[in-house]
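To start, the structure under review is shown below, and the notes come after it.
Please treat every number below as a calculation from the coordinates, not as lab data. None of the values given here were measured: they were computed from a predicted structure. FYI the Cβ positions are ideal-geometry reconstructions off the backbone, even for glycines, and counts take in every protein chain you see.
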Amino acid sequence: MLVTLSKKIMATEQELKSLFNTLDTDRDGKVSINELFLSPGLSAIISAETGVSSPQELLAMHGDKDGSITFEQLKKVVESAGNLN
C-alpha cells in the first residue's frame, strides 16, 4: 500500500533545520527553486510538511522575491500547517 504525501509527518525544529541545510547546497542560508528540484525526495517531504503542493507554489507564496526561502520563512510555513513539534 502506498503512503500518500498528504500524511502529516510532524518534524521537530532540529529535523527541519537538518533538512533545510541538506537542501541548501550552496550554503547561502536560502533554498532556491534549483536546490529544491535537485532533491525531489526532500522536496516531497517539504511539500508534505508545509501542505503546499509544489516547490514553485511554496516559493511564490512564502519565499523572497529572488525565488528562495530562508529557514525562518520555511519554519513559519511548517508551523502554520501544524506540522512542527
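Spin-label model, residue 22/residue 64: points 7 Å from Cα along the beta carbon direction are separated by 2.4 nm. Per residue, the chain reaches -15500 deg cm²/dmol at 222 nm when only DSSP H runs of four or more residues are counted, each adding -39500 (n - 2.57). Segment 10-85 has equivalent-ellipsoid semi-axes of 16, 13, 12 Å, by the square roots of 5 times the alpha carbon gyration tensor eigenvalues, sorted largest first. Simple point charges give the picture: +1 on the Cβ of Lys and Arg, -1 on the Cβ of Asp and Glu, and for the chain a dipole about the Cα centre of about 240 debye.
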